[in-house]
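Below: one structure, written as structure tokens.
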Amino acid sequence: VKDRALSIYDNGYEQVNGVDIPELDERFKPKRGEITVLTGIGNYGKSSFKKWYQAMRMLLYGEKFASFCPEDNPPEEYYHDIVEILLGCDCTPSNPYRPSRGVYEYAYDFVCKHVFYVYPKDVTPTPQYVMEVFLELIVKENVDGVDIDPFNQLDSMQKSYQREDQYLSMILKDVKRFALLNSVCYNIIAHPKNPSYKEDKSLPVADMYDLAGGAMWGNKIDNIISYHRPKFHEDKNSPEVDVWLQKIKRKRTGGKLGYFQIMLD
């Protein structure tokens, strides 16, 4: 690998594309072959954040994504959500200023060329089954990224003699091999187990130790991101969001630890 090492010496590290938002790009840029976990308290909006980030990459780079997201069933609502993210407004009759039907169809067709909704109707969704479908879409549609949203919707194949962390280690090893062999960004959305309220009824920022399997996530995952709504306990409509970068494997190409603030519209 000397030639590749000399290339780093001569040219620096391989450039990884962000989404042209400096506050985000300086902290996180996804790299093919890596696994990223997005966690956060349930119903705070982390799936919407995922859809928004993928929409940005569709627009900038034409990237395609395969999503196993049973909690977003039915699929027409999943696609409608992404269309509204792209168009930046409510696209139902309750909005008298919504785009025309023609504009909506144009955006919808664009989304359908870039997003593939994975939902097994007749098969128990094991990790192996979902990866088989992902592989088919990588081969047929040149998919760039895949995601499981959420991880706990997969059917567990845990043996009676296995500890939770041992089972997780086995699954994540397969996921990592899949991401590397197929050169895709593999994203997992994971819910915390039993978050504990603080005295003021707020919830702390979720981290890997709040997930089932605990520290094994930190051992096996390349990047860990936590999506948090700091004022949610005071105002359920508060738009303030903190995005925490809790683990970044390759800081030279991917970013740095810490957090940045965004507003949910």
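Peptides 205-218, 95-108 ranked from most to least packed give 205-218, 95-108, packing being the mean of other C-beta atoms within 10 angstrom over each peptide's residues.
A cut-off of 5 Å between modelled amide H atoms, ignoring neighbours fewer than 5 places along the same chain, links residue 19 with 25. Near the amide H of residue 259, within less than 5 Å, lie the amide hydrogens of 245, all on another chain or at least 5 residues away, with H placed in the peptide plane.
Protection proxy ranking of 165-176, 233-244, 142-153, by the mean of other Cβ atoms within 10 Å over each peptide's residues and highest first, is 142-153, 165-176, 233-244.
Applying the criteria of a DSSP loop state and at most 12 other Cβ atoms within 10 Å to the chymotrypsin sites (Phe, Trp or Tyr not before Pro) of region 170-203 yields 197. Expressed as a fraction of 2.2 N^0.38 Å, the value expected for a compact globular protein of N residues, the C-alpha radius of gyration of region 1-59 is 1.50.
Per residue of the chain, the DSSP helices (runs of n ≥ 4 H) give a summed -39500 (n - 2.57) that works out to -11500 deg cm²/dmol at 222 nm. Phi angles across region 143-159 convert, under the Karplus curve 6.51 cos²θ - 1.76 cosθ + 1.60 with θ = phi - 60°, into 3J(HN,Hα) values of 5, 9, x, 10, 8, 10, 9, x, 5, 6, 8, 6, 6, 6, 10, 5, 6 Hz, Gly and Pro given as x. Neighbours of residue 39, meaning other residues whose beta-carbon lies under 15 angstrom from its beta-carbon, give a summed charge of -1 when Lys and Arg score +1 and Asp and Glu score -1.
3J(HN,Hα) along region 197-203: 6, 7, 4, 8, 6, 7, 10 Hz, from the Karplus curve 6.51 cos²θ - 1.76 cosθ + 1.60 with θ = phi - 60°, whole Hz, x for Gly and Pro. The length gained by stretching the chain between residue 43 and residue 242 to full extension, at 0.36 nm per residue less their Cα-Cα distance, is 70.2 nm. With the convex hull of the Cα atoms taken as the outline of the chain, the averaged projected area works out to 17.0 nm². For the chain, the membrane-span-like helix rule (DSSP H, alpha carbon extent of at least 15 Å along the helix axis, mean Kyte-Doolittle at least 0.5) picks out 127-141; this says nothing about an actual membrane. Multiplying the residue separation of residue 101 and residue 155 by 0.36 nm and removing their Cα-Cα distance gives an extension gain of 15.5 nm. Expressed to the nearest 5 percent, the antiparallel share of DSSP beta bridges inside the chain is 40 percent. The amide H of residue 28, built 1.01 Å from its N in the peptide plane, has 256 as neighbours under 5 Å, considering only residues 5 or more places off or on other chains. Rounded to the nearest Hz, the phi-derived 3J(HN,Hα) couplings of region 216-225 under the Karplus curve 6.51 cos²θ - 1.76 cosθ + 1.60 (θ = phi - 60°) are 4, 4, x, 6, 9, 8, 7, 9, 10, 10, where x marks glycine and proline.
All other residues whose Cβ lies under 10 angstrom from that of residue 90 are scored, Lys and Arg at +1 and Asp and Glu at -1, for a net of 0.
Extension gain, residue 6 to residue 251: 0.36 nm times the residue separation minus the Cα-Cα distance gives 86.2 nm.
Cross-link pairs exceeding 31 Å between alpha carbons, from the set 64/231; 121/247; 113/236; 2/31; 2/64; 2/46: 64/231; 121/247; 113/236; 2/64; 2/46. Protein heavy-atom surface of the chain, 1.4 angstrom probe: 49% of the accessible area is carbon and sulfur, with nucleic acids and ligands not counted.
With a sphere of radius 9 Å drawn around the Cβ of residue 50, what net charge do the other residues whose Cβ falls strictly inside it have (Lys, Arg +1; Asp, Glu -1)? Residues near residue 50 contribute 0 overall.
The values are calculated or read from the model by the stated rules, or taken from the named source; none is laboratory data. If you're wondering where the values come from, they're calculated on a predicted model, not measured in any experiment. Cβ: placed from backbone, ideal geometry, glycine included. Neighbour counts: every protein chain shown. The protein model used for the area step is the full one, side chains on, heavy atoms only, and it has no ligands, DNA or RNA in it. Shrake-Rupley method; radii C 1.70, N 1.55, O 1.52, S 1.80 Å.
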